[in-house]
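Before I ask anything, here is the structure I am working with.
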Amino acid sequence: MTPPRPFRAAVTGLGLVTPAGVGVDENWKRVLSGVPAASADPELVGLPVDFSCRVPADFDPVAVLGRRTAWRLGRHVQLGMVAAREALGDSGLDPGSWDGARVGVVMGNSLGGTAAFEEQHRNLREKGASSVSSLLLPSYGVNMAAGYIAIDCGARGPNLAVSTACASGSTAVGVARDLLRNGTCDIVLAGGTEAAVSPSMIAGLAAAGALSRRCHDPATASRPFDAGRDGFVAGEGAGVLVLEREADARARGARVRGCVSGYGASADALHDTAPDPEGAGARTAVRAALADAGLSGSDIGHVNAHGTATRLGDVAEARAIRGAIGPAALVTSTKGVTGHCMGAAGAIEAVFTVLALESGLVPPTANLDRADPEIDCDLVRGTARAVTSGAALNNSFGFGGQNAVLVLTAA
């Protein structure tokens, strides 16, 4: 079978709302500085893990979306819509003049509106069924971020929600690229959003042993690849990219910020929460993404790693990187700053990878004081490092053994 010709989806718009800030510029400055965002969380008081990475307290969805709209939305939808509006503004596209039937939305999400569900479950238990809000399902559903973004901008093409656990954001970008390549859409808003830092979710993750227990010093808790790491720090946030066919973007004079040039996906098919210890499934996804882009491992200048700071996951990923692309690429994890935004992580980190290619700077891995000797990669620590290669990987992996890898290239 003849492999498909390489296809570059132009990235013409970027939007971010994360623990590192509201807006792309604020995020990029914070990530380059390597200043962690984790802090004590008043909503988690009394739990075994009582800290998280929240979007800054001055985030005001009412100011951006209006009181009536913001009131109806679950927090994951609010975050996604604000990021989508920034991305659209950055793209220079005018929803008032486009053919909405040719515009798609693909958003990744893992857990839905958990805070809304918990609140209404309390109402049910304490006050009875009549107290449950009619807005429960619209504010809870995994699909509602994609749905509301389409309503907001008149995107009447395919409207998809993908849920591949913590790989969801990257999966969404890969699926969006396919919609452009096969001619289904001319424009796609793609990304991920998550707002699952709620008591039941944090209690469950803590019980599973996934979270750091550094309650005495939250700022140093998210430490990807560090020998002293003990789990991830849960975060919330959203990242959205506007994608177009490269020829279309250049024809309209758009600023092309980068390109999504390859996508690979695989399953470990091994365990519900633990990765393949040798990184075999991740390595398969990396190789598939490289083949899709028509590139080899030696073409990759840096990797924005999944790098969650779990004991098993970081080692498995390092083995996958070494096995698929070799030792030369710089490797970083921006989760040292943002924490792990779960279903949004891949999209957020795709934006960071585009910014790294655009600026020629790879941000440092925060809290990486002493590298784990089992992790044999060229880790970026302390300060940002220059990169000259025009190609990078963005890795995302999730519970269930789901792997998604993007190849991003410079404009």
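Out of (1) touching a residue at least 40 places away in the same chain (Cβ under 8 Å); (2) in contact with a helix residue (DSSP H, G or I) (Cβ under 8 Å, 6 or more places away or on another chain), what's the single condition that is false for GLY326?
Only one criterion in (1) touching a residue at least 40 places away in the same chain (Cβ under 8 Å); (2) in contact with a helix residue (DSSP H, G or I) (Cβ under 8 Å, 6 or more places away or on another chain) is unmet by GLY326, namely (1).
Would you mind stating whether ALA247 is of a type in the set (Gly, Ala, Ser) and assigned to a loop (DSSP other than H, G, I, E, B)? Before you say what the answer is, go through the steps one by one.
Values: of a type in the set (Gly, Ala, Ser): yes; assigned to a loop (DSSP other than H, G, I, E, B): no.
No.
Determine whether region 92-101 contains at least one residue that is under 30 Å from ARG250 (Cα atoms) and hydroxyl-bearing (Ser, Thr, Tyr).
The initial filter retains those residues of region 92-101 that are under 30 Å from ARG250 (Cα atoms), namely 92-101.
From what's left, hydroxyl-bearing (Ser, Thr, Tyr): 97.
Yes: one or more hits.
Just name the residue that is surrounded by the most Cβ atoms within 10 Å (Cβ to Cβ) out of those in region 254-267 that are under 21 Å from the mean Cα position of the chain (by Cα) and part of a loop (DSSP other than H, G, I, E, B).
Of the residues in region 254-267, the ones under 21 Å from the mean Cα position of the chain (by Cα) are 256-267.
Now narrow it down to the ones that are part of a loop (DSSP other than H, G, I, E, B): 256-257.
Details: VAL256: 16, ARG257: 23.
By that ranking, first place goes to ARG257.
Give region 4-30 a look and list any residue that's more than 28 Å from LEU179 (Cβ to Cβ) and under 16 Å from the mean Cα position of the chain (by Cα), or say none. Please lay out each step first, then the result.
Step one: of region 4-30, the residues more than 28 Å from LEU179 (Cβ to Cβ) are 19-22, 25-26, 29-30.
Within region 4-30, PRO19, ALA20, GLY21, VAL22 meet the criteria.
Could you list, in sequence order, the residues of region 268-307 that are more than 22 Å from the chain's Cα centre (by Cα), of a type in the set (Gly, Ala, Ser) and within 24 Å of LEU357 (Cα to Cα)?
ALA291, GLY294, SER296, GLY297, SER298
Condition test on ALA37, is it under 21 Å from ILE187 (Cβ atoms) and not aromatic (Phe, Trp, Tyr)?
Criteria not met by ALA37.
Here's another thing I want to ask about it. Does region 3-13 contain any residue that is closer than 19 Å to SER222 by Cβ, basic (Lys, Arg) and either touching a residue at least 12 places away in the same chain (Cβ under 8 Å) or surrounded by 15 or more Cβ atoms within 10 Å (Cβ to Cβ) (or both)? Talk me through it step by step, then tell me what you get.
Narrowing region 3-13 to residues closer than 19 Å to SER222 by Cβ: none.
The answer is no, given that none of the residues of region 3-13 is closer than 19 Å to SER222 by Cβ, basic (Lys, Arg) and either touching a residue at least 12 places away in the same chain (Cβ under 8 Å) or surrounded by 15 or more Cβ atoms within 10 Å (Cβ to Cβ) (or both).
Quick one: how many residues across region 322-360 are touching a Pro at 6+ places or on another chain (Cβ under 9 Å) and closer than 21 Å to LEU290 by Cα? Walk me through how you get there before you give the answer.
The initial filter retains those residues of region 322-360 that are touching a Pro at 6+ places or on another chain (Cβ under 9 Å), namely 332-339, 341, 352, 355-356.
Next cut, closer than 21 Å to LEU290 by Cα only: 332-333, 352, 355-356.
Residues that pass the stated criteria total 5.
While we're on this one: What is the one condition in (1) part of a loop (DSSP other than H, G, I, E, B); (2) touching a residue at least 24 places away in the same chain (Cβ under 8 Å) that ARG287 does not satisfy?
(1)
Just name the residue that is nearest to the chain's Cα centre (by Cα) out of those in region 212-231 that are more than 15 Å from ARG54 (Cβ to Cβ) and buried (at least 22 other Cβ atoms within 10 Å of the Cβ).
Residues of region 212-231 that are more than 15 Å from ARG54 (Cβ to Cβ), as a first pass: 212-217, 220, 223-231.
Then drop every residue that is not buried (at least 22 other Cβ atoms within 10 Å of the Cβ), which leaves 212, 223-226, 229, 231.
On the way: SER212: 20, ARG223: 18, PRO224: 16, PHE225: 19, ASP226: 21, ARG229: 21, GLY231: 18 Å.
Top of the filtered list is PRO224.
In this structure, is VAL64 at pLDDT below 95 and either on the phi > 0 side of the Ramachandran plot or within 23 Å of the chain's Cα centre (by Cα) (or both)? Break it down into steps so the answer makes sense when it comes.
On the way: at pLDDT below 95: yes; either on the phi > 0 side of the Ramachandran plot or within 23 Å of the chain's Cα centre (by Cα) (or both): yes.
Here the answer is yes, as VAL64 does meet what is asked.
Could you count how many residues in region 70-100 are touching a residue at least 12 places away in the same chain (Cβ under 8 Å), farther than 17 Å from GLY237 by Cα and in a helix (DSSP H, G or I)?
6
Scanning region 24-46 for residues that are in a loop (DSSP other than H, G, I, E, B) and either touching a residue at least 24 places away in the same chain (Cβ under 8 Å) or out of contact with any helix residue (DSSP H, G or I) (no Cβ under 9 Å at 6 or more places or on another chain) (or both), which turns out surrounded by the fewest Cβ atoms within 10 Å (Cβ to Cβ)? Walk me through how you get there before you give the answer.
From region 24-46, those in a loop (DSSP other than H, G, I, E, B) are 34-38, 41, 45-46; that's our starting set.
Now restrict to residues that are either touching a residue at least 24 places away in the same chain (Cβ under 8 Å) or out of contact with any helix residue (DSSP H, G or I) (no Cβ under 9 Å at 6 or more places or on another chain) (or both): 34-38, 41, 45.
Values: GLY34: 21, VAL35: 13, PRO36: 24, ALA37: 26, ALA38: 27, ASP41: 19, VAL45: 9.
Looking at residues that are in a loop (DSSP other than H, G, I, E, B) and either touching a residue at least 24 places away in the same chain (Cβ under 8 Å) or out of contact with any helix residue (DSSP H, G or I) (no Cβ under 9 Å at 6 or more places or on another chain) (or both), I get VAL45.
If you check VAL55 against the conditions, is it at pLDDT 95 or above, closer than 30 Å to PRO218 by Cα, in contact with a Pro (Cβ under 7 Å, 6 or more places away or on another chain) and part of a helix (DSSP H, G or I)? Let's see the steps before the verdict.
Working: at pLDDT 95 or above: yes; closer than 30 Å to PRO218 by Cα: yes; in contact with a Pro (Cβ under 7 Å, 6 or more places away or on another chain): yes; part of a helix (DSSP H, G or I): no.
Against the criterion (at pLDDT 95 or above, closer than 30 Å to PRO218 by Cα, in contact with a Pro (Cβ under 7 Å, 6 or more places away or on another chain) and part of a helix (DSSP H, G or I)), VAL55 does not qualify.
The values are calculated or read from the model by the stated rules, or taken from the named source; none is laboratory data. Keep in mind that this is a model prediction, so the values were computed, not measured. Because the Cβ atoms are built from the backbone with ideal geometry, glycine has one as well, and the counts that use them run over all protein chains shown.
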